[in-house]
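Take a look at the structure set out below.
The values are calculated or read from the model by the stated rules, or taken from the named source; none is laboratory data. Computed from a prediction, not measured in an experiment: that's the story for all the values here. Here Cβ is always computed from backbone atoms with ideal geometry, including for glycine, and neighbour counts include all displayed protein chains. Only protein heavy atoms, including side chains, enter the accessible area calculation; ligands, DNA and RNA are left aside. Shrake-Rupley method; radii C 1.70, N 1.55, O 1.52, S 1.80 Å.
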Amino acid sequence: MIVRRLAEARGTSREIVTPNWTSHRLLLRDDGMGFSMHDTLIRAGTATEMQYLNHLESVYCVGGKGEIEVVATGERIAIEDGTLYALDQHDEHVLRAETDMRMICVFNPPLVGPEVHGEDGAYPILDDAKSEGAAS
Ligand code: 9YT
């Protein structure tokens, strides 16, 4: 059994900090679960454009308020504590945080560790040789 605690991830390589969000990567590919799982803080007032071309992501909001805009349709969906969304179509989207939002994020295939969004809004598929230096 694997046991992880958020406090133990802080300040380590499992903590990825960007201007819009901080992601604590509690489970990663090397853990062998077939998915990665993150505890992610989205900062209040930010808007983040994303499209996970190489991954499926599901996100469960456990704190805060915001909205997700589906780029293809213009639909805007309110996100609050208790809302889950699953990007089953690799949906291009914009996530806007009205307050700080705490999100539990699951990725398939699992992230390796250091991934951040490329210019296309996606995370790269990292192989072992590249896992030291992700796109920025
Ligand atoms: C909700 C979302 O996609 N935020 C960006 C960060 C990402 N989920 C991560 O790597 O934890």
Beta carbons within 10 angstrom, averaged per residue: use that to sort the peptides 37-47, 69-79, highest first. 37-47, 69-79
By how many nm would the segment from residue 76 to residue 127 lengthen if fully extended, with 0.36 nm per residue of separation less the alpha-carbon distance? 14.9 nm
Express the relative contact order of segment 15-111 as a whole percentage, based on alpha carbon pairs under 8 Å and six or more residues apart in sequence. 38 percent
Which Cα, out of 51, 107, 74, lies furthest along the positive dipole direction of the chain (beta carbon charges, K/R +1, D/E -1)? 107
Kindly report the accessible area of the chain per residue (heavy atoms of protein chains, probe 1.4 Å, no ligands, DNA or RNA), in Å². 54 Å²
Using a simple spin-label model with points 7 Å from Cα along the Cα→Cβ vector, what separation in nm is obtained for residue 84 and residue 44? 2.9 nm
Short version: ³J(HN,Hα) in whole Hz for each residue of segment 78-92, in order, from phi by Karplus 6.51 cos²θ - 1.76 cosθ + 1.60 (θ = phi - 60°), x for Gly and Pro, what are they? 5, 10, 8, 3, x, 9, 10, 10, 10, 8, 6, 10, 6, 4, 6
For q = 0.13 Å⁻¹, Debye-computed log10 I/I(0) when each Cα of segment 15-111 counts as one equal scatterer: -0.41
Quickly work out the residue 98-to-residue 60 label distance, labels modelled 7 Å from Cα along the C-beta direction, and quote it in nm with one decimal. 2.3 nm
Using unit Cβ charges (K, R positive; D, E negative) and no other charged atoms, how large, in debye to the nearest 20, is the dipole of the chain about its Cα centre? 500 debye
With the crude spin-label approximation of a point 7 Å out along Cα→Cβ, what separation in nm comes out for residue 53 versus residue 33? 2.8 nm
When the accessible area of the chain is computed with all protein chains present and a 1.4 Å probe, what percentage of it is carbon and sulfur? 51 percent
